[in-house]
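Some notes on the structure that comes next.
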Amino acid sequence: MALWRIRATVDDRPGFLSVLTASLALRGVNILSVQVHTTEAGAIDDFLVDAPDSVDEAELTAAVERGRGRRCWVQRSEARGLADPPTRVLGLATRLVRDPEASGEALRVLLGADEVSWRPAPSVDRPGLDDHRMRLADPTGGTFTLRRAAPSFTPAEYARAQALVELAATVARRAEDQVTVVVADGAEVRVRPAGVDDVPALVDLHERSSERSRQRRYLGGCGVPAPSRLRRLVEPERGVTLVALDLDAPGEPVVAMANLLGEGDEAEVALLVRDDWQRRGIGTALLRRVVRRAERDGYAALVLHVQAENVPMLKTLRRLGRPTPVDRDGPLLTVTLPLTVTPAITG
(Lines give C-alpha, C1' and ligand atoms only; values in the text may rest on other atoms or scores of the structure.)
Protein backbone atom coordinates (compact mmCIF):
# COMPACT_ATOMS: atom_id res chain seq x y z
CA MET A 1 0.00 0.00 0.00
CA ALA A 2 1.15 3.56 -0.70
CA LEU A 3 0.13 7.00 0.58
CA TRP A 4 -1.19 9.57 -1.90
CA ARG A 5 -2.63 13.07 -1.70
CA ILE A 6 -5.52 13.80 -4.03
CA ARG A 7 -7.18 17.15 -4.57
CA ALA A 8 -10.18 17.68 -6.81
CA THR A 9 -13.08 20.10 -7.28
CA VAL A 10 -16.54 18.61 -6.80
CA ASP A 11 -19.93 20.24 -7.26
CA ASP A 12 -21.18 21.28 -3.84
CA ARG A 13 -24.39 19.29 -4.12
CA PRO A 14 -25.79 16.37 -2.10
CA GLY A 15 -24.38 13.00 -3.10
CA PHE A 16 -21.52 14.21 -5.32
CA LEU A 17 -18.80 13.52 -2.74
CA SER A 18 -20.11 9.99 -2.20
CA VAL A 19 -19.89 9.31 -5.96
CA LEU A 20 -16.20 10.26 -5.91
CA THR A 21 -15.39 8.18 -2.82
CA ALA A 22 -17.25 5.19 -4.29
CA SER A 23 -15.15 5.46 -7.44
CA LEU A 24 -11.96 5.35 -5.35
CA ALA A 25 -13.26 2.46 -3.26
CA LEU A 26 -13.78 0.36 -6.39
CA ARG A 27 -10.00 0.45 -6.87
CA GLY A 28 -9.26 -0.57 -3.28
CA VAL A 29 -8.34 2.97 -2.21
CA ASN A 30 -8.78 3.66 1.52
CA ILE A 31 -9.50 7.30 2.45
CA LEU A 32 -7.58 8.21 5.61
CA SER A 33 -8.62 11.86 5.88
CA VAL A 34 -10.45 14.52 3.92
CA GLN A 35 -10.57 18.31 4.08
CA VAL A 36 -13.18 20.35 2.27
CA HIS A 37 -12.23 23.83 0.97
CA THR A 38 -15.27 25.86 -0.05
CA THR A 39 -14.76 28.07 -3.13
CA GLU A 40 -16.94 29.84 -5.67
CA ALA A 41 -16.08 27.15 -8.24
CA GLY A 42 -17.27 24.35 -5.96
CA ALA A 43 -15.96 22.31 -3.06
CA ILE A 44 -12.28 21.41 -3.30
CA ASP A 45 -11.79 18.06 -1.57
CA ASP A 46 -8.31 17.26 -0.30
CA PHE A 47 -7.82 13.54 0.43
CA LEU A 48 -5.04 11.57 2.04
CA VAL A 49 -5.47 8.01 0.79
CA ASP A 50 -3.83 4.60 1.09
CA ALA A 51 -3.84 2.85 -2.29
CA PRO A 52 -2.66 -0.60 -3.44
CA ASP A 53 0.87 -0.62 -4.85
CA SER A 54 -0.56 -1.59 -8.23
CA VAL A 55 -2.52 1.68 -8.50
CA ASP A 56 -0.54 4.54 -10.04
CA GLU A 57 -1.12 8.26 -10.50
CA ALA A 58 -2.91 7.86 -13.81
CA GLU A 59 -5.39 5.34 -12.37
CA LEU A 60 -6.11 7.56 -9.37
CA THR A 61 -6.72 10.51 -11.67
CA ALA A 62 -9.05 8.42 -13.82
CA ALA A 63 -10.95 7.23 -10.74
CA VAL A 64 -11.48 10.82 -9.59
CA GLU A 65 -12.70 11.92 -13.00
CA ARG A 66 -15.13 8.96 -13.20
CA GLY A 67 -16.37 10.08 -9.79
CA ARG A 68 -17.30 13.51 -11.26
CA GLY A 69 -14.20 15.22 -9.87
CA ARG A 70 -12.40 17.84 -11.96
CA ARG A 71 -9.15 19.80 -11.85
CA CYS A 72 -7.58 16.73 -10.28
CA TRP A 73 -4.12 16.83 -8.68
CA VAL A 74 -2.41 13.67 -7.41
CA GLN A 75 0.93 13.32 -5.61
CA ARG A 76 2.69 10.67 -3.53
CA SER A 77 2.74 11.48 0.19
CA GLU A 78 5.06 10.68 3.06
CA ALA A 79 4.20 9.20 6.45
CA ARG A 80 4.19 12.71 8.00
CA GLY A 81 1.08 13.36 5.94
CA LEU A 82 -0.77 11.20 8.46
CA ALA A 83 -0.66 14.10 10.94
CA ASP A 84 -4.01 15.87 10.71
CA PRO A 85 -3.93 19.55 9.63
CA PRO A 86 -4.85 21.02 13.05
CA THR A 87 -1.95 19.12 14.64
CA ARG A 88 0.46 20.37 11.98
CA VAL A 89 -0.73 23.96 12.38
CA LEU A 90 -0.36 23.78 16.16
CA GLY A 91 3.17 22.40 15.75
CA LEU A 92 4.10 25.28 13.46
CA ALA A 93 2.51 27.77 15.87
CA THR A 94 4.63 26.36 18.69
CA ARG A 95 7.71 26.80 16.53
CA LEU A 96 6.83 30.44 15.85
CA VAL A 97 6.34 31.15 19.54
CA ARG A 98 9.93 30.03 20.04
CA ASP A 99 11.27 31.73 16.91
CA PRO A 100 8.98 34.33 15.25
CA GLU A 101 11.67 34.92 12.60
CA ALA A 102 10.85 31.46 11.15
CA SER A 103 7.64 32.72 9.50
CA GLY A 104 8.83 32.05 5.97
CA GLU A 105 9.81 28.45 6.66
CA ALA A 106 6.58 27.84 8.60
CA LEU A 107 4.55 29.07 5.62
CA ARG A 108 6.53 26.86 3.25
CA VAL A 109 5.88 23.79 5.40
CA LEU A 110 2.22 24.64 6.00
CA LEU A 111 1.37 25.06 2.32
CA GLY A 112 4.06 23.04 0.57
CA ALA A 113 5.02 26.22 -1.29
CA ASP A 114 7.68 26.10 -3.99
CA GLU A 115 8.82 29.64 -3.19
CA VAL A 116 8.37 32.03 -0.26
CA SER A 117 9.68 35.60 -0.41
CA TRP A 118 9.33 38.68 1.80
CA ARG A 119 9.61 42.36 0.91
CA PRO A 120 10.02 45.08 3.54
CA ALA A 121 7.36 47.29 1.93
CA PRO A 122 3.69 46.63 1.15
CA SER A 123 3.12 44.92 -2.17
CA VAL A 124 1.76 46.96 -5.07
CA ASP A 125 -0.86 44.20 -5.28
CA ARG A 126 -3.46 43.87 -2.56
CA PRO A 127 -3.21 40.88 -0.20
CA GLY A 128 -5.05 37.90 -1.63
CA LEU A 129 -4.52 34.93 -3.91
CA ASP A 130 -4.89 33.63 -7.40
CA ASP A 131 -4.45 30.03 -8.51
CA HIS A 132 -0.70 29.78 -7.93
CA ARG A 133 0.31 32.91 -6.00
CA MET A 134 -0.59 34.14 -2.52
CA ARG A 135 0.18 37.56 -0.99
CA LEU A 136 0.06 38.01 2.79
CA ALA A 137 0.29 41.29 4.72
CA ASP A 138 2.92 41.17 7.47
CA PRO A 139 1.51 43.18 10.42
CA THR A 140 5.05 44.26 11.34
CA GLY A 141 5.46 45.78 7.87
CA GLY A 142 6.07 44.19 4.49
CA THR A 143 4.52 41.44 2.40
CA PHE A 144 5.01 37.68 2.04
CA THR A 145 4.57 36.24 -1.45
CA LEU A 146 4.12 32.48 -1.91
CA ARG A 147 4.10 30.51 -5.13
CA ARG A 148 3.08 26.90 -5.75
CA ALA A 149 2.84 25.25 -9.14
CA ALA A 150 0.21 22.73 -7.98
CA PRO A 151 -2.31 22.40 -6.54
CA SER A 152 -3.96 25.81 -6.65
CA PHE A 153 -4.20 27.80 -3.41
CA THR A 154 -7.59 27.93 -1.69
CA PRO A 155 -9.25 30.59 0.50
CA ALA A 156 -9.01 28.25 3.52
CA GLU A 157 -5.25 27.97 3.04
CA TYR A 158 -5.00 31.74 2.74
CA ALA A 159 -6.84 32.20 6.05
CA ARG A 160 -4.57 29.70 7.82
CA ALA A 161 -1.43 31.32 6.43
CA GLN A 162 -2.53 34.85 7.38
CA ALA A 163 -3.35 33.66 10.92
CA LEU A 164 0.13 32.14 11.21
CA VAL A 165 1.77 35.39 10.05
CA GLU A 166 -0.27 37.40 12.56
CA LEU A 167 0.74 35.01 15.35
CA ALA A 168 4.42 35.49 14.51
CA ALA A 169 3.95 39.28 14.50
CA THR A 170 2.26 39.18 17.90
CA VAL A 171 5.10 37.10 19.37
CA ALA A 172 7.70 39.43 17.85
CA ARG A 173 5.98 42.48 19.31
CA ARG A 174 5.84 40.90 22.77
CA ALA A 175 9.56 40.15 22.55
CA GLU A 176 10.20 43.74 21.44
CA ASP A 177 8.18 45.01 24.42
CA GLN A 178 10.30 43.02 26.88
CA VAL A 179 13.40 44.94 27.98
CA THR A 180 15.82 45.04 30.88
CA VAL A 181 16.14 48.45 32.52
CA VAL A 182 19.01 49.55 34.78
CA VAL A 183 17.73 52.15 37.23
CA ALA A 184 19.72 54.98 38.80
CA ASP A 185 21.25 52.92 41.63
CA GLY A 186 22.31 50.08 39.32
CA ALA A 187 19.46 47.66 40.09
CA GLU A 188 18.01 45.76 37.13
CA VAL A 189 14.32 45.28 36.37
CA ARG A 190 12.63 43.53 33.48
CA VAL A 191 9.76 45.43 31.88
CA ARG A 192 7.23 43.43 29.88
CA PRO A 193 3.49 43.23 29.11
CA ALA A 194 1.46 41.60 31.87
CA GLY A 195 -0.82 38.58 31.49
CA VAL A 196 -3.43 36.84 33.60
CA ASP A 197 -0.72 34.68 35.17
CA ASP A 198 0.64 37.87 36.78
CA VAL A 199 -2.52 38.57 38.80
CA PRO A 200 -1.17 36.93 42.03
CA ALA A 201 2.04 38.98 41.69
CA LEU A 202 -0.04 42.14 41.21
CA VAL A 203 -2.02 41.35 44.36
CA ASP A 204 1.33 41.07 46.17
CA LEU A 205 2.46 44.40 44.67
CA HIS A 206 -0.63 46.13 46.06
CA GLU A 207 -0.30 44.46 49.46
CA ARG A 208 3.31 45.61 49.72
CA SER A 209 2.48 49.18 48.65
CA SER A 210 1.38 51.73 51.24
CA GLU A 211 -2.18 53.01 51.51
CA ARG A 212 -0.95 56.39 50.30
CA SER A 213 0.58 54.89 47.13
CA ARG A 214 -2.59 52.93 46.39
CA GLN A 215 -4.74 56.01 47.01
CA ARG A 216 -2.62 58.04 44.57
CA ARG A 217 -2.99 55.30 41.96
CA TYR A 218 -6.77 54.84 42.23
CA LEU A 219 -7.71 58.37 43.41
CA GLY A 220 -10.15 56.91 45.90
CA GLY A 221 -10.23 53.82 48.08
CA CYS A 222 -6.84 52.62 49.24
CA GLY A 223 -7.64 48.92 49.68
CA VAL A 224 -6.18 46.07 47.62
CA PRO A 225 -8.24 45.57 44.41
CA ALA A 226 -9.95 42.22 43.96
CA PRO A 227 -8.21 39.75 41.62
CA SER A 228 -11.12 40.08 39.19
CA ARG A 229 -10.44 43.83 38.85
CA LEU A 230 -6.73 43.24 38.34
CA ARG A 231 -7.55 40.62 35.71
CA ARG A 232 -9.51 43.25 33.78
CA LEU A 233 -6.53 45.60 33.99
CA VAL A 234 -4.15 43.04 32.45
CA GLU A 235 -6.68 42.08 29.76
CA PRO A 236 -8.17 45.44 28.70
CA GLU A 237 -10.36 45.63 25.62
CA ARG A 238 -7.89 48.21 24.30
CA GLY A 239 -4.52 48.90 25.80
CA VAL A 240 -1.90 47.07 27.84
CA THR A 241 -0.49 46.72 31.34
CA LEU A 242 3.30 46.79 31.71
CA VAL A 243 4.97 45.32 34.77
CA ALA A 244 8.48 45.75 36.16
CA LEU A 245 10.10 42.72 37.81
CA ASP A 246 13.00 42.86 40.29
CA LEU A 247 15.61 40.56 38.73
CA ASP A 248 17.74 40.48 41.88
CA ALA A 249 15.01 39.27 44.25
CA PRO A 250 13.91 35.63 44.68
CA GLY A 251 10.98 34.87 42.42
CA GLU A 252 11.42 38.17 40.53
CA PRO A 253 8.48 39.97 42.19
CA VAL A 254 6.54 42.72 40.43
CA VAL A 255 7.63 46.07 41.87
CA ALA A 256 5.69 48.43 39.60
CA MET A 257 2.99 48.50 36.97
CA ALA A 258 1.75 50.93 34.33
CA ASN A 259 -1.77 50.70 32.89
CA LEU A 260 -2.62 51.99 29.41
CA LEU A 261 -6.38 51.94 28.81
CA GLY A 262 -7.60 53.13 25.42
CA GLU A 263 -10.84 54.97 24.72
CA GLY A 264 -11.40 56.59 21.35
CA ASP A 265 -8.25 58.29 20.09
CA GLU A 266 -6.95 58.85 23.63
CA ALA A 267 -5.63 56.51 26.31
CA GLU A 268 -5.62 56.90 30.07
CA VAL A 269 -2.41 56.07 31.96
CA ALA A 270 -1.86 55.25 35.63
CA LEU A 271 1.22 54.05 37.56
CA LEU A 272 1.79 52.18 40.80
CA VAL A 273 5.36 51.82 42.13
CA ARG A 274 6.10 49.93 45.32
CA ASP A 275 7.24 52.34 48.05
CA ASP A 276 10.78 50.94 48.35
CA TRP A 277 11.22 51.39 44.56
CA GLN A 278 10.03 54.98 44.39
CA ARG A 279 12.47 57.78 43.47
CA ARG A 280 14.75 55.28 41.72
CA GLY A 281 13.67 56.02 38.13
CA ILE A 282 11.38 53.05 37.54
CA GLY A 283 8.29 55.25 37.15
CA THR A 284 10.00 57.34 34.47
CA ALA A 285 11.17 54.19 32.65
CA LEU A 286 7.66 52.73 32.66
CA LEU A 287 6.09 55.97 31.49
CA ARG A 288 8.52 56.27 28.58
CA ARG A 289 7.69 52.70 27.50
CA VAL A 290 3.96 53.44 27.74
CA VAL A 291 4.37 56.57 25.60
CA ARG A 292 6.20 54.60 22.89
CA ARG A 293 3.56 51.88 22.99
CA ALA A 294 0.72 54.41 22.71
CA GLU A 295 2.38 56.14 19.75
CA ARG A 296 2.91 52.80 18.03
CA ASP A 297 -0.76 51.93 18.56
CA GLY A 298 -1.86 55.22 17.02
CA TYR A 299 -3.28 57.15 19.97
CA ALA A 300 -3.37 60.95 19.64
CA ALA A 301 -2.84 61.71 23.33
CA LEU A 302 -2.37 60.27 26.80
CA VAL A 303 -4.45 61.45 29.75
CA LEU A 304 -3.35 61.16 33.39
CA HIS A 305 -5.38 62.08 36.46
CA VAL A 306 -3.00 63.16 39.22
CA GLN A 307 -3.56 64.55 42.69
CA ALA A 308 -2.09 68.04 43.01
CA GLU A 309 -0.05 66.97 46.04
CA ASN A 310 1.50 64.05 44.11
CA VAL A 311 4.73 65.92 43.43
CA PRO A 312 6.80 62.81 42.47
CA MET A 313 4.37 61.95 39.65
CA LEU A 314 4.34 65.54 38.37
CA LYS A 315 8.16 65.52 38.33
CA THR A 316 8.09 62.22 36.41
CA LEU A 317 5.88 63.81 33.76
CA ARG A 318 8.19 66.82 33.45
CA ARG A 319 11.15 64.50 32.83
CA LEU A 320 9.52 63.46 29.55
CA GLY A 321 10.32 66.92 28.20
CA ARG A 322 7.01 67.27 26.35
CA PRO A 323 4.28 69.92 26.52
CA THR A 324 1.62 68.78 28.99
CA PRO A 325 -1.51 70.95 29.24
CA VAL A 326 -3.07 70.72 32.72
CA ASP A 327 -6.70 71.22 33.80
CA ARG A 328 -7.41 71.59 37.50
CA ASP A 329 -10.58 70.55 39.32
CA GLY A 330 -9.98 71.20 42.99
CA PRO A 331 -7.26 68.84 44.24
CA LEU A 332 -7.31 66.80 41.00
CA LEU A 333 -5.20 67.62 37.94
CA THR A 334 -5.90 66.22 34.47
CA VAL A 335 -2.70 66.17 32.44
CA THR A 336 -2.86 65.69 28.65
CA LEU A 337 0.23 64.46 26.83
CA PRO A 338 0.00 64.92 23.01
CA LEU A 339 1.58 62.11 21.00
CA THR A 340 3.20 61.72 17.62
CA VAL A 341 1.01 59.15 15.89
CA THR A 342 3.17 56.44 14.30
CA PRO A 343 0.87 53.44 13.67
CA ALA A 344 2.43 50.21 12.46
CA ILE A 345 2.32 49.44 8.71
CA THR A 346 -0.23 46.73 8.02
CA GLY A 347 0.39 46.18 4.32
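All but one of (1) at pLDDT below 90; (2) under 21 Å from the mean Cα position of the chain (by Cα); (3) surrounded by fewer than 16 Cβ atoms within 10 Å (Cβ to Cβ) hold for VAL196; state the number of the condition that does not hold.
So VAL196 meets the others, but not (1).
If I filter segment 28-47 for residues that are over 40 Å from the mean Cα position of the chain (by Cα) and assigned by TED's automatic domain parsing to the domain that holds SER77, do I get at least one hit?
Filtering segment 28-47 down to residues over 40 Å from the mean Cα position of the chain (by Cα) leaves 28-29.
Okay, now just the ones that are also assigned by TED's automatic domain parsing to the domain that holds SER77, so 28-29.
Yes, segment 28-47 has at least one match.
Given the conditions (1) outside any helix (DSSP H, G or I); (2) within 30 Å of the chain's Cα centre (by Cα), and given that ALA106 satisfies all but one, which numbered condition is not satisfied?
The single condition ALA106 does not satisfy is (1).
Where residues in segment 292-345 are part of a helix (DSSP H, G or I) and in contact with a strand residue (DSSP E or B) (Cβ under 7 Å, 6 or more places away or on another chain), which of them is nearest to GLY220 (Cα to Cα)? Talk me through it step by step, then tell me what you get.
Initially, segment 292-345 is screened for residues part of a helix (DSSP H, G or I), giving 292-296, 311-318.
If we keep only those that are in contact with a strand residue (DSSP E or B) (Cβ under 7 Å, 6 or more places away or on another chain) too, we end up with 293-294, 313-314, 317.
Details: ARG293: 27, ALA294: 26, MET313: 17, LEU314: 18, LEU317: 21 Å.
Here the residue is MET313.
Looking only at residues that are closer than 22 Å to THR140 by Cβ and modelled with pLDDT of 90 or more in segment 177-193, which one is nearest to the chain's Cα centre (by Cα)?
Top of the filtered list is PRO193.
Look at GLY69 and say whether it is in contact (Cβ under 8 Å) with a residue 24 or more places away in the chain, in contact with a helix residue (DSSP H, G or I) (Cβ under 6 Å, 6 or more places away or on another chain) and either closer than 30 Å to PHE16 by Cβ or of a type in the set (Phe, Trp, Tyr) (or both). Spell out how you get there, then give the answer.
On the way: in contact (Cβ under 8 Å) with a residue 24 or more places away in the chain: yes; in contact with a helix residue (DSSP H, G or I) (Cβ under 6 Å, 6 or more places away or on another chain): yes; either closer than 30 Å to PHE16 by Cβ or of a type in the set (Phe, Trp, Tyr) (or both): yes.
Yes, satisfied.
Scanning segment 277-291 for residues that are in contact with a strand residue (DSSP E or B) (Cβ under 6 Å, 6 or more places away or on another chain) and either among the hydroxyl-bearing types (Ser, Thr, Tyr) or within 23 Å of GLY221 (Cα to Cα) (or both), which turns out surrounded by the fewest Cβ atoms within 10 Å (Cβ to Cβ)?
Ranking the qualifying residues of segment 277-291, first place goes to TRP277.
Select from segment 151-193 the residues that are charged (D, E, K, R) and touching a Ser or Thr at 6+ places or on another chain (Cβ under 8 Å) and write down the one among them that is surrounded by the fewest Cβ atoms within 10 Å (Cβ to Cβ). Steps first, please.
Narrowing segment 151-193 to residues charged (D, E, K, R): 157, 160, 166, 173-174, 176-177, 185, 188, 190, 192.
In the following step, the residues that additionally are touching a Ser or Thr at 6+ places or on another chain (Cβ under 8 Å) were identified as 173, 188, 190.
Details: ARG173: 17, GLU188: 12, ARG190: 14.
Among them, the one singled out is GLU188.
Within the set of pairs 6 or more residues apart or between chains, which connect a residue that is in contact (Cβ under 8 Å) with a residue 24 or more places away in the chain and under 14 Å from ASN310 (Cβ atoms) inside segment 212-234 to a residue that is basic (Lys, Arg) and not in a helix (DSSP H, G or I) with Cβ atoms less than 9 Å apart?
SER213/ARG274
For residues that are within 13 Å of LEU271 (Cα to Cα) and polar (S, T, N, Q), scanning just segment 307-332, find the one that is surrounded by the most Cβ atoms within 10 Å (Cβ to Cβ).
Taking segment 307-332 and keeping what is within 13 Å of LEU271 (Cα to Cα), we get 307, 310, 312-314, 316-317.
The next check asks that each one be polar (S, T, N, Q); those that pass are 307, 310, 316.
Values: GLN307: 14, ASN310: 18, THR316: 23.
Restricting to residues being within 13 Å of LEU271 (Cα to Cα) and polar (S, T, N, Q), the top hit is THR316.
Quick test of your reading of the structure: ARG70 fulfils all but one of (1) surrounded by 17 or more Cβ atoms within 10 Å (Cβ to Cβ); (2) in the same structural domain as VAL10 (by TED's automatic domain parsing). Name the failing condition by number.
(1)
Given the conditions (1) of a type outside the set (Ser, Thr, Tyr); (2) over 18 Å from VAL335 (Cβ atoms); (3) over 21 Å from the mean Cα position of the chain (by Cα), and given that GLU237 satisfies all but one, which numbered condition is not satisfied?
(3)
Could you give every pair whose Cβ atoms fall below 7 Å, whose first residue belongs to segment 311-324 and is over 12 Å from ARG279 (Cα atoms), and whose second residue is at pLDDT 90 or above and among the polar types (S, T, N, Q), counting only separations of at least 6 or pairs across chains?
The qualifying pairs are ARG319/THR284; THR324/THR336.
Pick out the one residue from ARG174, ARG160 that is at pLDDT below 95 and either more than 30 Å from GLY104 (Cβ to Cβ) or touching a Lys or Arg at 6+ places or on another chain (Cβ under 9 Å) (or both).
Working: ARG160 fails: either more than 30 Å from GLY104 (Cβ to Cβ) or touching a Lys or Arg at 6+ places or on another chain (Cβ under 9 Å) (or both).
Just one listed residue meets the conditions, ARG174.
Testing LEU111 on (1) within 15 Å of the chain's Cα centre (by Cα); (2) at negative phi, one condition comes back false. Which one is that?
Evaluating LEU111 over (1) within 15 Å of the chain's Cα centre (by Cα); (2) at negative phi leaves (1) as the failure.
Just need a number here: residues in segment 317-347 that are among the hydroxyl-bearing types (Ser, Thr, Tyr) and modelled with pLDDT under 90.
Taking segment 317-347 first, the residues among the hydroxyl-bearing types (Ser, Thr, Tyr) are 324, 334, 336, 340, 342, 346.
Cutting the leftovers down to modelled with pLDDT under 90 gives us 324, 340, 342, 346.
Count: 4.
Do we find that ALA137 is loosely packed, with under 14 Cβ neighbours inside 10 Å, outside the structural domain of SER18 (by TED's automatic domain parsing) and at pLDDT 90 or above in this structure?
no
Scanning for something in contact with a strand residue (DSSP E or B) (Cβ under 8 Å, 6 or more places away or on another chain), farther than 16 Å from ARG160 by Cα, modelled with pLDDT of 90 or more and assigned to a helix (DSSP H, G or I), does segment 46-59 turn up at least one residue?
Yes, segment 46-59 contains at least one residue that is in contact with a strand residue (DSSP E or B) (Cβ under 8 Å, 6 or more places away or on another chain), farther than 16 Å from ARG160 by Cα, modelled with pLDDT of 90 or more and assigned to a helix (DSSP H, G or I).
The values are calculated or read from the model by the stated rules, or taken from the named source; none is laboratory data. Bear in mind the structure is a predicted one, so any value in this text is a computation, not a measurement. For neighbour counting, all protein chains shown are included, and Cβ atoms are generated from backbone atoms with ideal geometry for every residue, glycine included.
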